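Novice: One structure coming up, written as structure tokens, with questions to follow.
The values are calculated or read from the model by the stated rules, or taken from the named source; none is laboratory data. This one's a predicted model, so the numbers in the text were calculated from it and none came from an experiment. Quick reminder, even Gly has a Cβ in these numbers, built from the backbone with ideal geometry, and neighbours come from all protein chains shown. Just so you know, the surface numbers come from the protein's heavy atoms only, side chains and all, with ligands and any DNA or RNA stripped out. Shrake-Rupley method; radii C 1.70, N 1.55, O 1.52, S 1.80 Å.
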Amino acid sequence: RLGLSHGKDEDFGKWYSEVLVNSEMIGYYDISGCYIIRHWAVVIWDIMKEFFDKEIVEMEVEKCMFHLFVTSAVLQKEKTHIAGFEPEVAWVTKAGKSNLDIDLAIRPTGETVIYPYFSKWIRNHHDLPMKVNQWCNVVRWEFSNPMPFIRSREFYWQEGHTAFATKEEADAEVLEILELYRQIYEEFLAVPVIKGKKSELEKFAGALYTCSIEAFIPNTGRGIQGATSHCLGQNFSAKEFFDITFQNEKEKKDSVWQNSWAYRTRTIGVMVMVHGDDKGLVLPPKVASQQVIVIPVPYKDANTQEIFDACAATVKTLRKAGIRANVDKRDYHTPGWKYSYWEMKGVPLRIEIGPKDLTNNQVRAVRRDNGAKMDLSVVSLVEQVKELLDKIQESLFDSAKHRQDACIQIALRQKKLILAPWCDEEVEKDVKERTKGDTGAAKTLCTPFDQPKMHEGTFYRSSLTCTRTLKVYVKSD
Ligand SMILES: O=C1CCCN[C@@H]1CCCn1cnc2cc(F)c(Cl)cc2c1=O
Ligand SMILES: [Mg+2]
């Protein structure tokens, strides 16, 4: 049976997992938090990887494949930075029936695996900058509720680790990589993102500062971290940590300045959540494994062979022009069934060819994003299809941007009375501090006696716990 049993706005969680299964992107496994990533999603990952890998190769980032395991001793080396992460570390303690003489952690991230070698390989400034990247899987045994792509116990990512002689070089690279992440989201996945710098509390503890791109999921009204680019400063290269030093030009010994940056398969989940609808997946053409699906629509026995030939010729022409096209000639499904099937798979453009189309030397095109139908002349088919695919890519981004902007409340200086969850004095002071100035500061007035019901699942995405009371802020101009 095709079709979803949950609407996107009716039960988002169930809708999401059903779309992933019905569009054949994910297979469920019998280990909680572990998923099978299937062809339809791997192709998306590969298209993004091809772009990103080419860009970092041009930045002279070298490739590497470090080992999966790390000893407890080495893991403990950065115990200050990984404080709080211990519960997530998965361990190998046995091989066959016998215990290992030392337990081995499965890498949750690459720092402790890679940096001992940075320390060995970097001797003087000729060895700098040293930049490596690996495409790999990592394991973090998270306990919060797992969700395919968004939060899984094993995930795939790229992790870049770089070392420079100066802070300036590191600072520059942090932003260069952040721009690539923006392109991944906005130009490939058609998902708008906000670039920014994390607060001291939200950043990675081991970083000097963390920059990130944040996406927005309209259905949950929550932000989600899309990718991170950290400047580690000299936190990891310091003597008491990994002791990564180099002899600079003045023969003085100095610690290197490091960055680390990553994006992961979570990107795919964000794209599904933002663009999907009640018919299933909606793929942005740039990352669609199939951009066009051609469906033969024979009518009774009217020139069926001619129709199949026309479909084959259409696919050939489109492929020759670099468009990823296919024909669904399965004779054990009706055209109507095929329409729903490929809509569920999220193919951006469907082309139908029936007897009438043959006579008029045209094809019927249907857009997946808005359902618009139009007849395209066979003569200039490639140009029209290319134009349509670009228009679909653009309108997916625009509609997501519009939804996101509509949810951003610039709450201050709008002569507004703001009812916000209460954090604590520190935040209260901070808000007052940051909004003081000519057009008046926002200050808390009171905790209203009649408390509005905090709707289910609302919680403050802040690092500070919030009490239930609300304070009313007022604009004072
Ligand atoms: O985000 C990135 C970019 C790519 C390389 N890594 C950094 C920081 C990763 C933070 N982080 C994140 N999660 C972790 C989980 C763990 F179990 C342990 Cl031991 C450590 C960490 C941890 O350091
Ligand atoms: Mg985590």
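Novice: From Ala170, Ala190, Ala207, grab the single residue that is open to solvent by less than 10 Å² (accessible area, probe 1.4 Å), at pLDDT 95 or above, in a loop (DSSP other than H, G, I, E, B) and closer than 18 Å to Trp257 by Cα.
Specialist: Only one candidate passes the filter, namely Ala207.
Novice: Mind checking which pairs have a first residue in segment 84-105 that is closer than 23 Å to Ser152 by Cα and a second that is in a loop (DSSP other than H, G, I, E, B) and of a type in the set (A, V, I, L, M), Cβ under 8 Å, 6 or more apart or different chains?
Specialist: Gly84/Ala205; Ala105/Val89; Ala105/Ala90
Novice: Here's a follow-up. Show the residue pairs meeting these rules: Cβ distance below 7 Å; 6+ apart or different chains; first residue within segment 124-141 and farther than 14 Å from Gly160 by Cβ and touching a residue at least 24 places away in the same chain (Cβ under 8 Å); second residue assigned to a helix (DSSP H, G or I) and within 16 Å of ligand 2 (Cβ to nearest atom).
Specialist: Arg140/Glu88; Trp141/Glu88
Novice: Identify the residue in segment 344-368 that is open to solvent by 40 Å² or more (accessible area, probe 1.4 Å) and charged (D, E, K, R) and, among all such residues, is farthest from Leu20 (Cα to Cα).
Specialist: Lys356
Novice: Go through segment 291-314 and report how many residues are within 30 Å of Val42 (Cβ to Cβ) and buried (at least 20 other Cβ atoms within 10 Å of the Cβ).
Specialist: Of the residues in that region, 8 qualify.
Novice: Residue check: is Ser23 among the small types (Gly, Ala, Ser), more than 11 Å from ligand 1 (Cβ to nearest atom) and surrounded by 15 or more Cβ atoms within 10 Å (Cβ to Cβ)?
Specialist: yes
Novice: Of all residues in segment 2-59, which are of a type in the set (D, E, K, R) and at positive phi?
Specialist: Within segment 2-59, Glu24 is the sole residue that qualifies.
Novice: Looking at (1) free of Cβ contacts under 8 Å to residues at least 24 places away in the same chain; (2) assigned to a helix (DSSP H, G or I); (3) acidic (Asp, Glu), which is the only condition Glu251 fails?
Specialist: Against the list (1) free of Cβ contacts under 8 Å to residues at least 24 places away in the same chain; (2) assigned to a helix (DSSP H, G or I); (3) acidic (Asp, Glu), Glu251 comes up short only on (2).
Novice: So which residues in segment 55-85 are in contact with a helix residue (DSSP H, G or I) (Cβ under 9 Å, 6 or more places away or on another chain), within 16 Å of ligand 1 (Cβ to nearest atom), assigned to a helix (DSSP H, G or I) and not aliphatic (A, V, I, L, M)?
Specialist: Correct list: Gln76, Lys77.
Novice: Taking into account only those residues within segment 224-260 that are of a type in the set (A, V, I, L, M, F, W, C) and within 16 Å of ligand 2 (Cβ to nearest atom), which is most open to solvent (accessible area, probe 1.4 Å)?
Specialist: The qualifying residue most open to solvent (accessible area, probe 1.4 Å) is Ile224.
Novice: Now a separate question. Could you identify the single residue in Glu86, Glu55, Glu18, Glu62 that is among the acidic types (Asp, Glu), surrounded by fewer than 20 Cβ atoms within 10 Å (Cβ to Cβ) and within 16 Å of ligand 2 (Cβ to nearest atom)?
Specialist: The unique qualifying residue is Glu86.
Novice: What is the residue count in segment 120-147 for residues that are within 16 Å of ligand 2 (Cβ to nearest atom) and modelled with pLDDT of 95 or more?
Specialist: 7
Novice: Keeping to segment 89-125, report how many residues are open to solvent by 20 Å² or more (accessible area, probe 1.4 Å), within 30 Å of the chain's Cα centre (by Cα) and among the aromatic types (Phe, Trp, Tyr).
Specialist: 2
Novice: Only one of (1) more than 13 Å from ligand 1 (Cβ to nearest atom); (2) touching a helix residue (DSSP H, G or I) at 6+ places or on another chain (Cβ under 7 Å) fails for Asn133. Which number is that?
Specialist: Unmet condition: (1).
Novice: Test Lys77 against the criterion of being away from ligand 2 (no atom under 16 Å from the Cβ), over 30 Å from Gly280 (Cβ atoms) and surrounded by fewer than 16 Cβ atoms within 10 Å (Cβ to Cβ), and give yes or no.
Specialist: When the stated conditions are applied, Lys77 does not pass them.
Novice: Something else about it: All but one of (1) modelled with pLDDT under 95; (2) in a strand (DSSP E or B) hold for Leu232; state the number of the condition that does not hold.
Specialist: Condition (1) is where Leu232 drops out.
Novice: Still on this structure, I have one more. Mind checking which residues of segment 300-326 are in contact with a Gly (Cβ under 9 Å, 6 or more places away or on another chain) and farther than 12 Å from Glu352 by Cα?
Specialist: Across segment 300-326, the qualifying residue is only Ala302.
Novice: May I pose another question? What are the residues in segment 312-352 that are hydrophobic (A, V, I, L, M, F, W, C) and under 19 Å from Lys386 (Cβ atoms), if any?
Specialist: Ala313, Val315, Leu318, Ala321, Ile323, Ala325, Val327, Val347, Leu349, Ile351
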